[in-house]
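Okay, structure first, notes after.
Rule-based calculations on the coordinates, nothing more; no lab input. Keep in mind the model is a prediction, meaning the values are calculated, not measured. Every residue, glycine as well, gets a Cβ built from its backbone with ideal geometry; the counts of neighbours run over all protein chains shown.
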């Protein structure tokens, strides 16, 4: 570990869910496979793994260097990281086990031909050599380096507290992406619902913000607000707007300036829940906030949201 870094307990580990896990929507199979360990998430966020961060993770050894003769600088992972968000999550179990070592042994090798049934990287029938699904550090020392890179030293120091509260379950992390194909949207405001759910989840679970029961409950409420697919956004948006908690405060050890983009996202969420104000101006502000927090899945989603917010609510 680097100088001044706090040790990470043996029952704590880091999972980095990669963009290919998002596009396959592998949250449920991962949650079922990991259920015996009873994981709880104590720190998370959603972010693009940009080149400087990837370079640091490779330097730590979490992302293995390519074989001799291939293009340098982990070109495949750099290409993958540009496609969508990754979700890093620090997870903890109540069991007295070497969690980092367990996850490292369970995930399976990167090489498809060397994988076995039951490996975390073999959970999807579509899994093949293009999908690595997740990455984990090899041990607690490497975990500390990666947590510092992905979350910052304040979050790393907080992990030394055995009483650090859980922020969500592994399954609830799905709300950070709220995936859904356009062909599955049976109502024009499904896109608004998904974006509102994603924003609420980040505000509830993100490591930069102080955890709270009201925000956790609100994130769950947003995720289930429409009930059956195709439920009408107009019928529930007023209730959600009334239930919106106050803006979240910085987590302990974080300065107010560090959460500026999250507060902009809070304003964007409030506007998503105020359909009377939908229009080009509010749409531009919402887009800027989503861009600042890396929350758009792709260009199609951006365009679809823009269209939905450009017309009066039906």
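How do 288, 198, 121 rank when sorted from fewest to most other Cβ atoms within 10 Å of their own Cβ? List each step's numbers first, then the result.
Working: 288 14, 198 29, 121 23.
Sorted ascending by nearby Cβ count, the order is 288, 121, 198.
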Open item on the list: With 10 angstrom as the radius, rank 191, 97 by how many other C-beta atoms surround their C-beta, starting from the fewest.
Closed with: 97, 191
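Subtracting the Cα-Cα distance from 0.36 nm times the residue separation, let me have the gained length for residue 221 to residue 249 in nm, one decimal.
On the way: separation 28, 0.36 × 28 = 10.08 nm, distance 2.03 nm.
Stretched out fully, the residue 221 to residue 249 stretch lengthens by 8.0 nm.
Beta carbons within 10 angstrom, averaged per residue: use that to sort the peptides 214-224, 155-165, highest first. Provide the component values of the computation, followed by the final result.
Values: 214-224: 18.3, 155-165: 15.8.
Most protected by this proxy first, the peptides run 214-224, 155-165.
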